[in-house]
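To start, the structure under review is shown below, and the notes come after it.
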Amino acid sequence: MPIVTIDGRQVEVEQGTSVIQAADRLGVEIPRFCYHPDLRPEGNCRMCLVDVEGFPKPVVACATPVVDGMVVRTPHESPVASKAVNGVLEFLLVNHPLDCPICDQAGECSLQDFYMHPDYGQHQSHVDPVEKVHKRKRVSLGPRIVLDQERCVMCSRCVRFSEEVSGYAELQFVHRGNHVELTAFEDRALEDPYAGNLADVCPVGALTSRDFRFKRRVWHLSHADSVCAGCSTGCNVRIDHFGGRIERVVPRRNPGVNRSWICDEGRLSFRALVAVPRLMYPRQGATELDWSEAVALSHDSLRAASAAQGRPLAALASASATNESLWLFRQYVLAAFPLHRLAFRLEREIAEVSQRQDNLLRRLDKHPNTMGALHLGFDGGEGLDGLLALAESGAIEGLLMLYYPPLVGEESKETRERITRLLHLVPASVVLTTHELPYLTAAKLLLPVATWSEEEGTYTNYQGLTQHADKAVPSRGAVRPAVEVLGDLWHCATAARRQTRPEEIFREIADSVPVFRDLTYASLESRSATAYPPEGRMHYGQEGFAGR
Amino acid sequence: MARKASRVVDVRQAAESGRDILSSTAGTLAGMEVTLRNMVRATVGRQHVTIQYPEQRKPYSRRFRGVHILTHRADGSLKCTACYLCETVCPAQCITIEAKEVQDPRVEKAPSRYEIDLSRCIFCGFCVEACPEEALIMSREYDLTALSRGPETLAYGIDQLTQRPEIAAYGAGFRPHMQYPLVESYLPGEPIPPREG
Ligand code: SF4
Ligand code: SF4
Ligand code: SF4
Ligand code: SF4
Ligand code: FES
C-alpha cells in the first residue's frame, strides 16, 4: 500500500485514496469546498490546492490519488500552495456579498473560516463593494430551503447531492462567468424528502434551512450527540439547543448507518415534542399527585388487580423506549408479578422493522428500538391485539404501559381506538407517557416521563447496532426519566434500591443479555460520529456560551 | 506645592515625642491644603466647584458611555439587522434579541425584540464597538433611575431605546464608527438632510 508524506508526517493508505482523504486521516486540515466524503469528487473549487514534490504546479488534493513515496505540502507549510489558495479565495470573494451579519451560516461558514486562516486567508480586496455583481436573494425553494444566489461559491455539492444521493436532481447551474447562478427549474419548490441536507452540504450560506432561519446564531447553540428516534434506521444526529429549547437537529456522519444524511421528517421530529401539550405531573383522573404517592399507588393498584386474584398483569411497552427503560420495565414486571404477559408492539408486524420506505434511509417501522425490545426478551407476538382479546374475556385486570407517541407520523386511528378500548376494559391501569394524549385519558394513573432528547439511553437499530443518545435539554414540570420511575416501582416491589444511571443499567444489560455482551457506553460506535464538516474545527470553541 | 521626598517614620517613637505632635498637625493641614483653598474660594470668593444637581448639570464628553440609542435609516426603519453581535460580545449578558424576517429584500432581517437590561449593563461600550451597522450607539445620558429593581423597569426595549425625550436632550455619546458607516445612521429626532440632486 502506498505511503505518503504530508507536511512531514507519513501515513500508509489504500490504493486509490486521494490526498485529501490521507490528510484527513492524519488530521492535517486542507481547506475545501467541493469535496465531501459522501459525494463523488469533482475538483471544481480549487480550494484544496497542495504542493506535491516533483509536480510543476499545485494540484487539487481531492482529485489526486496518492502514489507511493509522494511528498505533499499543504498551504500550512508551502508558500506556493498558500499563495495559490489565497488567490482562489480572493476570486471566490470578488462578488460575495457582505452578508455575514444576517447570514445564518455565519459561525460555521467555511468561507469565513478559510478567510480568517492565518496560513492562507486574508487579502486586500481589489473590488469596491459597489461593483459587485448582484444576483437574486431570498429565493424560496419550497418549505425546507431558502436560496441566496449571491452567496454561492459554485462548489456543486448540492447539485451532486440531489443527483447522486436523493436522486431528485432538482438543482442546476445556469449562465456563465460572473453570472453563474444556482437555480431550480422555474424556482419550483423542491420535492426531495431529503432536501434539508442541502443546507448541511452547502459550505456557505447559499442554501439555508427555512426552519432554522433567523432562530439563533449558531455560536450560541450547545450540542448533544444523539440518535434520531423517528424510525428504525437510527440516523446519528446532533441536537443543537439553546436555553433548554431544541433549535435544530443536524446529521452526524456515520458511514455504516446514515453516511452524512438524515431525512426531513427526522430533522423536524423534534417539533412533534411540542406539538401536543406535555404531561407535567403524575395524575389520577384529574387529581395531581406527588411522585412518592403516585408510585406507591401505581404499584399497589397493579398488585391488587393482578397477583391477588391470580390474574396475569398485562405489560405493554412501546418500542420507542430506550434499552435501559425497557430493561427496567421488564425487571420490574418479572420481580413484582409472577404472572404476566409482556408485549411491546402496538401493531403485530415485526417484519416491518427492516423494511425500507425508500431507497435511502427511511424505514417503515417508526420505532427506533424494535430490535432492542426483541433482544431484551419482549415477546412481540401477542401485541396489543392479544392483550385486547384477553381483556375482553376478563382474563386480565391490571395493565402497565410505557408509551411514547411516534415522533414521525401519527399513531394510526385503529391503534388509538384499540388503546382506548383496552384502557376502558382494564380496571387498574398505569401508563407512563410523555404527552397529554386524548386516547390515554382513560388510564387510571398517568405518570409523566422524559422523551427522547430529555434522557440518556441507547437504541438498537434495524441492523442490530446499539447506538447512544445523549440528553440534550432538561425536562419541565415534575417529568422524570422512565428509568427513575421504574427504579422506584422496583423499590416498591422488592424494597431494594437499584442503580438508575443509564450507563450502569446498560452494564447490567451487557452482563445478562448475550447480544449486548462486551458493549459499554464508551465502546459504542455512534459516539465517535461527528457532524461534517466538523463544526468548530478552526477557531471557535465547541460549546455554546457558558451560563446560557 | 513641591513634593517632599518620602521618609520612613517610626510611628511609636514619633507618638512618644511631644515635638512630633506639632509636626504631624502641620502635616495634616498641609494635606488639606486643596480642600482649604477651595473652602476659602467658595465661602469668601463665591467660586463654587460643586453644582446644584439636578437643576444644574455638567456637560459631558462626546465619548461618554451612557444609555444606549438605537439609530435608524433615512426611511425611519431601525438600522439594526439583528446580527446578535452585541448580544454575543456583551460581558454582562444583558442584551436579548429576537429576529424576524422583513419584506424589504435589501434588509431581510430585523429585530422583533431588542432589549437591554440596563440594571445589569456595565456601560463598557463593547456592544457599540461590535455593531457592524452603527445601529447601536451610546448617549450622554447618565442619570438612570427607576423605582424598583426588577428588570421590567430598567430593561429598555426598542421603544425606549429609540423614543425617549432624554435622547435628544443629552445628545449622542460614544460613537466609535461614525466615520465609516456604509449607510448613514440617524438619531431619533435628528433632522434628515434632504437628498442631493
Ligand atoms: S456565506 Fe459565509 S461569508 Fe458569505 S455571507 Fe454567509 S457567513 Fe458570510
Ligand atoms: S448552493 Fe452551496 S452547495 Fe450548492 S453550489 Fe452553491 S455553495 Fe455549493
Ligand atoms: S455597554 Fe457593555 S454591558 Fe452594557 S449592553 Fe453594551 S456590551 Fe453589554
Ligand atoms: S450589533 Fe448592531 S446590528 Fe447587530 S444586533 Fe446589535 S445593534 Fe443590531
Ligand atoms: S475540494 Fe478539491 S477542488 Fe474543491
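Below is a table of values for the structure above.
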item: Residue in the range B:126-133 that is in contact with a strand residue (DSSP E or B) (Cβ under 8 Å, 6 or more places away or on another chain), surrounded by fewer than 18 Cβ atoms within 10 Å (Cβ to Cβ) and of a type outside the set (Val, Ile, Thr) present; result: no
item: Any hit, the range A:219-231, residues being more than 14 Å from chain B (Cβ to nearest Cβ) and within 13 Å of ligand 2 (Cβ to nearest atom); result: no
item: Residue in the range A:245-253 that is within 16 Å of ligand 4 (Cβ to nearest atom), within 14 Å of chain B (Cβ to nearest Cβ) and either among the small types (Gly, Ala, Ser) or over 20 Å from A:Pro37 (Cα atoms) (or both) present; result: no
item: In the range B:86-101, the residues that are assigned to a loop (DSSP other than H, G, I, E, B) and either at the interface with chain A (Cβ under 9 Å from one of its Cβ atoms) or free of Cβ contacts under 8 Å to residues at least 12 places away in the same chain (or both); result: B:Gln93
item: Verdict on A:Ala294 being in a strand (DSSP E or B) and more than 24 Å from the chain's Cα centre (by Cα); result: no
item: One residue from A:Pro193, A:Pro203 being in contact (Cβ under 8 Å) with a residue 40 or more places away in the chain, more than 16 Å from ligand 1 (Cβ to nearest atom) and assigned to a loop (DSSP other than H, G, I, E, B); result: A:Pro193
item: Which listed residue, of A:Val180, A:Val130, A:Val146, is within 30 Å of A:Ala529 (Cβ to Cβ) and among the hydrophobic types (A, V, I, L, M, F, W, C); result: A:Val146
item: Failed item in (1) more than 16 Å from ligand 2 (Cβ to nearest atom); (2) under 26 Å from A:His126 (Cβ atoms), with A:Leu92 passing the rest; result: (1)
item: Residues within the range A:23-58 that are in a strand (DSSP E or B) and not charged (D, E, K, R), tallied; result: 3
item: Of residues in the range A:196-218 being hydrophobic (A, V, I, L, M, F, W, C) and within 16 Å of ligand 5 (Cβ to nearest atom), the one nearest to the other protein chains (Cβ to nearest Cβ); result: A:Ala206
item: Per-region count, the range A:163-172, residues of a type outside the set (A, V, I, L, M) and either in contact with a helix residue (DSSP H, G or I) (Cβ under 7 Å, 6 or more places away or on another chain) or within 16 Å of ligand 3 (Cβ to nearest atom) (or both); result: 3
item: Test result for A:Thr183, within 14 Å of chain B (Cβ to nearest Cβ) and either touching a Ser or Thr at 6+ places or on another chain (Cβ under 8 Å) or not in a loop (DSSP other than H, G, I, E, B) (or both); result: no
item: Any hit, the range A:177-198, residues being under 23 Å from A:Pro31 (Cβ atoms), touching a Leu at 6+ places or on another chain (Cβ under 7 Å) and away from ligand 3 (no atom under 16 Å from the Cβ); result: yes
item: Residue within the range A:394-417 that is touching a strand residue (DSSP E or B) at 6+ places or on another chain (Cβ under 7 Å), modelled with pLDDT under 90 and closer than 22 Å to A:Pro312 by Cα present; result: yes
item: Candidates A:Leu374, A:Leu388, filtered to the one that is surrounded by fewer than 22 Cβ atoms within 10 Å (Cβ to Cβ), under 25 Å from A:Val276 (Cβ atoms) and in contact (Cβ under 8 Å) with a residue 12 or more places away in the chain; result: A:Leu388
item: Within the range A:387-441, tally of residues that are in a helix (DSSP H, G or I) and farther than 26 Å from A:Leu489 by Cα; result: 8
item: Residues (under 19 Å from A:Met47 (Cβ atoms), part of a helix (DSSP H, G or I) and within 14 Å of chain B (Cβ to nearest Cβ)) located in the range A:92-117; result: A:Cys100, A:Gln112
item: Residue match in the range B:73-80 (condition: surrounded by 14 or more Cβ atoms within 10 Å (Cβ to Cβ), within 14 Å of chain A (Cβ to nearest Cβ), in a loop (DSSP other than H, G, I, E, B) and more than 16 Å from ligand 5 (Cβ to nearest atom)); result: yes
item: Subset tally (residues that are within 14 Å of chain A (Cβ to nearest Cβ) and either modelled with pLDDT of 80 or more or under 17 Å from the mean Cα position of the chain (by Cα) (or both)) for the range B:168-191; result: 1
item: Failed condition for B:Asp143, given (1) within 14 Å of chain A (Cβ to nearest Cβ); (2) more than 16 Å from ligand 3 (Cβ to nearest atom); (3) touching a residue at least 12 places away in the same chain (Cβ under 8 Å); result: (1)
item: B:Cys83 vs. criteria without any contact (Cβ under 8 Å) to a residue 40 or more places away in the chain and within 14 Å of chain A (Cβ to nearest Cβ); result: no
item: Selection within the range B:112-133 - more than 10 Å from chain A (Cβ to nearest Cβ) and either of a type in the set (Val, Ile, Thr) or near ligand 4 (Cβ under 9 Å from one of its atoms) (or both); result: B:Tyr114, B:Ile116, B:Ile122, B:Cys127, B:Val128, B:Ala130
item: Some residue of the range A:75-82 being part of a helix (DSSP H, G or I) and surrounded by fewer than 17 Cβ atoms within 10 Å (Cβ to Cβ); result: yes
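The values are calculated or read from the model by the stated rules, or taken from the named source; none is laboratory data. Worth saying up front: this structure is predicted, and the values here are computed from it rather than measured. Neighbour counts run over all protein chains shown; Cβ positions are idealised from the backbone, glycine included.
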